[in-house]
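Here the structure comes first, spelled out in structure tokens, and everything after it is commentary.
The values are calculated or read from the model by the stated rules, or taken from the named source; none is laboratory data. Here the structure is a predicted model, which means the values were calculated and not measured. Reconstructed Cβ throughout: ideal geometry from the backbone, glycine too, with neighbour counts over all protein chains shown.
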Amino acid sequence: MKMKQVAFLFLIFLASQTVYSWKKDEFRACDQTPFCKRARFRKPGACTLIAHDVSISDGDLTAKLIPKAPHDQDQDQIKPLTLSVSVYQDGIMRLKIDEDPSLDPRKKRFQVADVVISEFETKKLWLQSASTEKINGDDGGLSSVVYLSDGYEAVLRHDPFEVYVREKAGNRRVVSLNSHGLFDFEQLRVKKEDEDWEERFRGHTDTRPYGPQSISFDVSFYGSDFVYGIPEHASSFALKPTRGPGVEESEPFRLFNLDVFEYHHESPFGIYGSIPFMVSHGKSGQSSGFFWLNAAEMQIDVLAKGWDAEGGILMPTEQSRIDTFWMSEAGIVDTFFFAGPGPKDVVKQYVSVTGLPAMPQLFSTGYHQCRWNYRDEEDVENVDSKFDEHDIPYDVLWLDIEHTDGKRYFTWDKMLFPHPEEMQRKLAAKGRRMVTIVDPHIKRDESFHLHKDASQRGYYIKDATGKDYDGWCWPGSSSYPDMLNPEIRSWWAEKFSYDNYVGSTPSLYIWNDMNEPSVFNGPEVTMPRDALHLGGVEHRELHNAYGYYFHMATAEGLLKRGDGKDRPFVLSRAFFAGSQRYGAVWTGDNSADWDHLRVSVPMVLTLGLTGMTFSGADVGGFFGNPEPELLVRWYQLGAYYPFFRGHAHHDTKRREPWLFGERNTALMRDAIRIRYTLLPYFYTLFREANVSGVPVVRPLWMEFPSDEAAFSNDEAFMVGNSLLVQGIYTARAKHASVYLPGKESWYDLRTGTAYKGGKVHKLEVSEESIPAFQRAGTIVPRKDRFRRSSTQMVHDPYTLVIALNSSQAAEGELYVDDGKSYDFKHGAYIHRRFVFSNGHLTSSPVGNSRFSSDCIIERVILLGFTPGAKTALVEPGNQKAEIELGPLRFGGQHAAVAVTIRKPGVRVAEDWKIKIL
Amino acid sequence: MKQRLSLMYLSFILIISSRESSSSIPSNSFIGIPPQDEDYFKREIIKCKNGSKKFTKAQLNDDFCDCPDGTDEPGTSACPLGKFYCKNIGHAPSFLYSSRVNDGICDCCDGSDEYDGKVKCPYTCHEAGKVAMESLKRKIEVYQEGVILRNVEIGLAKRAIARDKAELSRLKNEREVVEKNICWMSFLFHRLRWQVRKLEQEPQEKDDKRNEKVENEESGPDKNVDRQIEPMKASDVEKQGKAGESPSDQNEKDKHESSEGLSREELGRLVESRWTGKKMKNDQLNKHIQMNQEEGGPDAGYEESVVDNAGRSSTAQYKIGVQDLKNSSDITTPSGKSWLDKIQETAQNFLQSVNLFSIPVVNLDANKIRKEYNHYTAKLSDLESRISSLTEKLKFDFGKQNKFYLFYDRCFELKQDKYVYKVCPFRNATQEDGRSKTQLG
């Protein structure tokens, strides 16, 4: 009996374990990954390379790296490496280290192509000369110093070699490489007789024909208290130390694009995408950044203070500092140092290298309804009409893999979707779009034209023996087009033409899933590293960029389809540095639990910080069935994600917003409507990102760089510079502690109540909303009329919500264009700046705009304005407008709490002034 | 000067026209109001219907939301809670959400919801009315047909119920007779036994113990129950002993860990099945998994033994036991005692009386009696099951006037695309697609 009880308890234990069915063992930890294990064994100071032949050539500072005392026992490592330091506008230093091509290396190491945008090269500053300095504390060694930007210099210390950026004033360091002497570059060499280069993991063998070729080095960020970035991980926003004192389970942050089944909400393991870009921030209010352009598997340690206690290397101590350790399996050193100094400067510097985020179409900033799967045309029609029946706006209906004929993309299941064009036209008649899924695995079926075409042309990735690689995915046996090859990318792009994609219409857009690539029978559920791409490039060398190239090719397809006039919308799961140019990403297959709701915020913040601003998590959680309360909270939070989509696994219960009783329907409708009222604001923010890289959703410290209390806050976030939002991450929450940064007040979005800044407020929480505030001193444009979708809102009038600061002033912006074409690039947009001061609200243009709109401003709401005035004078025309108390929001029984200018009637495209009398 | 004037004039026109084009104020201020409400809005000062506020006549349908409940904007999109009334002459009037007003989509068949000139809506009420009328007519026809059908069903049901009830009472009577017969047979049988024994054991002393043993042998069912309990225990023990013989679902999941040795396709299917939730049909794979379970360890094995309650060989006996128990419980009479118990009891009583009074029995053929006895028991059990199924059937709720009574044993099939939907009222509903069958609950 007792035995039975024990067994039963054990069974329960096992069952509870399977709730987290993340299979940790199926993925390589660092100590199962030889290059990572080797690198982590290195001791500080192990690098003996010194910079020789330092000179200026072709506008770069160049040198050769050779070991100080050649190791006799290791003849392979003595070939000199080439080093070059280039300098670009706006405080960007690029450091490249590679094997010397003139010394005939065994193979050209892979350098990631098509990520650095071509415009970047035009920003290069041609160095004329370098000064040589003896820098204090460097034991009399020499350093070469070159100009970087006003106030910054790039420095190459010769012996031992070290590269860093410093502030001219006070010689304060900003970012440095190899300060701890951990640099290591495994040069390609000939295999020795007794060597076994193969690597085996869980039944898979990696032939590794080129042997060890990894690179590792340390990077230090000065004046820094926290580091952020390097997505994609489900973990906190401020990166926790992974090694050193106080770190229990030491595992570096891994960057390796993987399809992880039911990923855990707190883990340094790599998931779907990789951006090897890190940002640091500290008390000084300054930020800096470091980007390593390398698409091989990468592992990054954030080192805890005191990690190098026995290292014996002296580092400048007056500055707080964070050390990190970067390891990659292959590739070259192609790194970018960003001097900052502000957080937004670092982001701008990063996107000047990798490109600005694409300007999305207006519809794609609305709400998306997805499910694996909407069964058939009738189901689609039903779901669509239910939105109308419940007066809930939405813009896009999505079809997952089951819409295809046997998972052959670009086809339709003839039974379930016999009339795809008619179906899309019906949606389009209501201004709605459809998205279908197109994955990179192509069914190996001779009767499938795409496969036949690809295999005949030799367009598939090859296995190590040179045959078409054959892996397993949804359709069964599948092959993968080699998207590294530009020719194959254009071949792929052609497949999206209306002729080729039978059943597609102009209102159809695309979703790229499984592009890590996911291979069910591959090592770690992906492609073998020894698979071969164009020009003999091994998959290991570009793995993390495969999804990026696929996303790129698909976006190019949509662009071609619309004659270059229609902005593509492509959602991708995998991503790499630069993916922001091609569309949106989401955080993959999350789960319907509170922890995943919570971690979605640091994940979206991290993506935004690293350029990928158009991102979101599946509302409701992909796996599992959310409690109605969780679902409601998720809609309330998701309404502020840049990308707002509800999605669910096919084994879950239906969860469209009207299925949980009237009250919950009302709550979800309200959450979605908040998003729609804020669309003008969101669209303006997307434009800001499109010209500056500054993300739509940002961390508090990006707006309040000196507010230390905000540095590690990842429960709350800013939407633009005006709104602060904090999710509710627990069931039945009655209170929430919300930190409001800065000195100015904040106005509750719902009630208009003012709260002091620089304080933690313990707030009562209702089911109706999550805490959200408008910052004093800002103006937010809204459209307060509800429609079926964003399409019908185009002509609707605006509301301006002005939150006054302590000096009764505020400002904000509005950006408008046609919402779909590229005419905005030729000036077809409206960009206004609104300024309120001295009781006057003025609208003035930003830049030259040539776009017309018949939209007017129907209402101006003033928060923090002393009531009393009865009328306002509108110029030009000297019309009078009434002032009264009105509600702050519409769509419910909201009390009249806010001073409201009624019907000023001014046109949004014009200059005007409203004076309060 | 002249130029200036004309410029001013032009800009004046521009301003005027812009004001007109930019707002969607309807020319008829009563648009969107249902006729029965028109009087309400014919005042100078009008109250919001929820009483929260008042507004002037000029504010009615002025394209600015004054009442939180939308009272003042029945004809524009200004208030989210507003409702727009379409007259739809020629068809039925309807209310729209205010979000549909001037949104570029024709919602009312009279086109009245789109008056800002951006789209032209055709007047389709007559056609729509016709269509609606026809579909209504069809509905009525279908309904009428249905009524007839229903009446037929009700009539048939009435008869069927009467028939079934008559059958039930007939069966019950028959049961009584059979029971009596069984009693009698049992009595005769026991008596015969007793006599035979008496003859055999005459020389010996009377032996109560022996008597008891005979009783035990004859009281079959009781004994049976005992026997059934025993194997249950045995199989329990056995199960714990035979840890890790057959894989359970739980384990199958964990065995993903050791996927080495699978063929590439098997591995692909295995990993795929995590997302799809589909069980792999491939038995070979199971075998592989089993073979590869090197790291399973004692813990995993132990877990299996507990989960495995549907194991094959080791639990066969147990299953049979359960089956028997179920059968015997099926034929339990409401009194709580089994009918066999009853017979036994009566037989014992008789036996005792026989013992006491020693009535001699003549010419009784034991075999014949046994045959008869068996015949009647079989008949009784048949009767019992028919009675219980009839009683069960009559217990269901067959709707008003028992109109669904005849659906009891019927199933309906509907073929849609690749699926066949099968609904058996009062039982189950399934969806089949040739390969798999899904219970629809």
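Answer yes if at least one residue in region A:200-215 is part of a loop (DSSP other than H, G, I, E, B) and within 31 Å of the chain's Cα centre (by Cα), and no otherwise.
yes
So if I check each of B:57, B:87, which one is away from chain A (no Cβ under 14 Å) and more than 49 Å from the chain's Cα centre (by Cα)?
B:57
Count, please, the residues in region A:685-743 that happen to be part of a loop (DSSP other than H, G, I, E, B) and farther than 20 Å from residue A:586 by Cα.
18
For residue A:888, state whether it is surrounded by 14 or more Cβ atoms within 10 Å (Cβ to Cβ), within 14 Å of another protein chain (Cβ to nearest Cβ) and in contact (Cβ under 8 Å) with a residue 40 or more places away in the chain.
Yes: the conditions hold for residue A:888.
Which residues, counting only those in region B:99-113, are at negative phi and more than 8 Å from chain A (Cβ to nearest Cβ)?
B:101, B:106, B:107, B:108, B:109, B:110, B:112, B:113
Tell me the strands (runs of 3 or more DSSP E) entirely within region A:757-803 that contain at least 1 residues that are in contact with a strand residue (DSSP E or B) (Cβ under 9 Å, 6 or more places away or on another chain) and within 13 Å of chain B (Cβ to nearest Cβ).
So the answer is A:778-782, A:798-803.
For region A:34-56, give me each residue that is polar (S, T, N, Q) and modelled with pLDDT under 95.
If the condition is that a residue be polar (S, T, N, Q) and modelled with pLDDT under 95, then A:48 is the only one that fits.
Condition (residue is surrounded by fewer than 24 Cβ atoms within 10 Å (Cβ to Cβ) and assigned to a helix (DSSP H, G or I)) applied to region A:542-556: is it met by at least one residue?
Yes - at least one qualifying residue is present in region A:542-556.
Just one of the numbered conditions (1) in contact (Cβ under 8 Å) with a residue 40 or more places away in the chain; (2) touching a helix residue (DSSP H, G or I) at 6+ places or on another chain (Cβ under 8 Å); (3) not in a strand (DSSP E or B) is not true of residue A:491; which one?
(1)
Restricting to region A:245-296, what's the tally of residues that are over 16 Å from residue A:230 (Cα atoms) and assigned to a strand (DSSP E or B)?
Qualifying residue count, region A:245-296: 0.
Name the single residue, out of those in region A:596-633 being β-branched (Val, Ile, Thr) and outside any helix (DSSP H, G or I), that is nearest to residue A:711 (Cα to Cα). Don't jump to the end; show me each part of the working.
Applying the first criterion (β-branched (Val, Ile, Thr)) to region A:596-633 yields A:599, A:601, A:604, A:606, A:610, A:613, A:619, A:632.
The next check asks that each one be outside any helix (DSSP H, G or I); those that pass are A:610, A:613, A:619.
On the way: A:610: 17, A:613: 20, A:619: 26 Å.
Selected residue: A:610.
Applying the selection to region A:373-383, what residues are buried (at least 21 other Cβ atoms within 10 Å of the Cβ) and within 30 Å of the chain's Cα centre (by Cα)?
Listed by number, the list holds a single entry, A:374.
Pick out the one residue from A:452, A:443, A:426 that is surrounded by fewer than 20 Cβ atoms within 10 Å (Cβ to Cβ) and more than 27 Å from residue A:367 (Cβ to Cβ). It would help to see each step written out before you state the result.
Details: A:443 fails: surrounded by fewer than 20 Cβ atoms within 10 Å (Cβ to Cβ); A:426 fails: more than 27 Å from residue A:367 (Cβ to Cβ).
Among A:452, A:443, A:426, only A:452 is surrounded by fewer than 20 Cβ atoms within 10 Å (Cβ to Cβ) and more than 27 Å from residue A:367 (Cβ to Cβ).
Residue B:149: under 31 Å from the mean Cα position of the chain (by Cα), part of a helix (DSSP H, G or I) and closer than 30 Å to residue B:384 by Cα, yes or no? Write out each step before concluding.
Numbers: under 31 Å from the mean Cα position of the chain (by Cα): yes; part of a helix (DSSP H, G or I): yes; closer than 30 Å to residue B:384 by Cα: no.
Answer is no for this residue.
If residue A:899 passes every condition in (1) in contact (Cβ under 8 Å) with a residue 24 or more places away in the chain; (2) more than 23 Å from residue A:837 (Cβ to Cβ); (3) away from chain B (no Cβ under 11 Å) but one, which one does it miss?
Condition (2) is where residue A:899 drops out.
Taking region A:36-49, which residues are crowded, with 19+ Cβ neighbours inside 10 Å and more than 17 Å from residue A:244 (Cβ to Cβ)?
Of everything in region A:36-49, those that are crowded, with 19+ Cβ neighbours inside 10 Å and more than 17 Å from residue A:244 (Cβ to Cβ) turn out to be A:47, A:49.
Within region A:471-481, restricting attention to residues that are over 27 Å from the mean Cα position of the chain (by Cα) and within 26 Å of residue A:575 (Cβ to Cβ), which residue is nearest to the other protein chains (Cβ to nearest Cβ)?
Applying the first criterion (over 27 Å from the mean Cα position of the chain (by Cα)) to region A:471-481 yields A:471-472, A:475-479.
Now drop any that are not within 26 Å of residue A:575 (Cβ to Cβ), which leaves A:471-472, A:475, A:478-479.
On the way: A:471: 7, A:472: 2, A:475: 10, A:478: 9, A:479: 13 Å.
Taking the candidates together, the pick is A:472.
How many residues does region A:821-851 contain that are buried (at least 17 other Cβ atoms within 10 Å of the Cβ), among the hydroxyl-bearing types (Ser, Thr, Tyr) and farther than 14 Å from residue A:910 by Cβ?
Residues meeting the conditions: 1.
Among the residues of region A:14-24, is any assigned to a helix (DSSP H, G or I), at pLDDT 70 or above and of a type outside the set (A, V, I, L, M, F, W, C)?
Yes, region A:14-24 contains a residue that is assigned to a helix (DSSP H, G or I), at pLDDT 70 or above and of a type outside the set (A, V, I, L, M, F, W, C).
Quick one: is residue A:791 in contact (Cβ under 8 Å) with a residue 60 or more places away in the chain and under 25 Å from residue A:689 (Cβ atoms)?
When the stated conditions are applied, residue A:791 passes them.
Would you check if there is a residue in region A:869-884 being surrounded by fewer than 21 Cβ atoms within 10 Å (Cβ to Cβ), in contact with a Ser or Thr (Cβ under 7 Å, 6 or more places away or on another chain) and farther than 27 Å from residue B:51 by Cβ?
Within region A:869-884, one or more residues are surrounded by fewer than 21 Cβ atoms within 10 Å (Cβ to Cβ), in contact with a Ser or Thr (Cβ under 7 Å, 6 or more places away or on another chain) and farther than 27 Å from residue B:51 by Cβ.
Looking for something modelled with pLDDT of 95 or more and within 22 Å of residue A:692 (Cβ to Cβ) - is there at least one such residue anywhere in region A:628-641? Working first, answer last.
Narrowing region A:628-641 to residues modelled with pLDDT of 95 or more: A:628-641.
Restricting the remaining residues to those that are within 22 Å of residue A:692 (Cβ to Cβ) gives A:640-641.
Yes; the residues of region A:628-641 include at least one that is modelled with pLDDT of 95 or more and within 22 Å of residue A:692 (Cβ to Cβ).
Collect the residues in region A:493-530 that are of a type in the set (Gly, Ala, Ser) and away from chain B (no Cβ under 14 Å), keeping them in residue-number order.
Scanning region A:493-530 gives A:493, A:497, A:503, A:504, A:507.
For region A:214-233, which positions are among the aromatic types (Phe, Trp, Tyr) and surrounded by 24 or more Cβ atoms within 10 Å (Cβ to Cβ)?
A:217, A:221, A:222, A:228, listed by residue number.
Could you look through region B:65-84, keep only residues that are touching a Lys or Arg at 6+ places or on another chain (Cβ under 6 Å) and surrounded by 22 or more Cβ atoms within 10 Å (Cβ to Cβ), and pick out the one that is nearest to the other protein chains (Cβ to nearest Cβ)?
B:77
Residue A:500: within 22 Å of residue A:273 (Cα to Cα) and in the same structural domain as residue A:397 (by the TED database), yes or no? Give the steps one after another, and end with the answer.
On the way: within 22 Å of residue A:273 (Cα to Cα): no; in the same structural domain as residue A:397 (by the TED database): yes.
Answer is no for this residue.
Just one of A:347, A:396 is surrounded by 18 or more Cβ atoms within 10 Å (Cβ to Cβ) and outside the structural domain of residue A:136 (by the TED database); which is it?
When all the criteria are applied, what remains is A:396.
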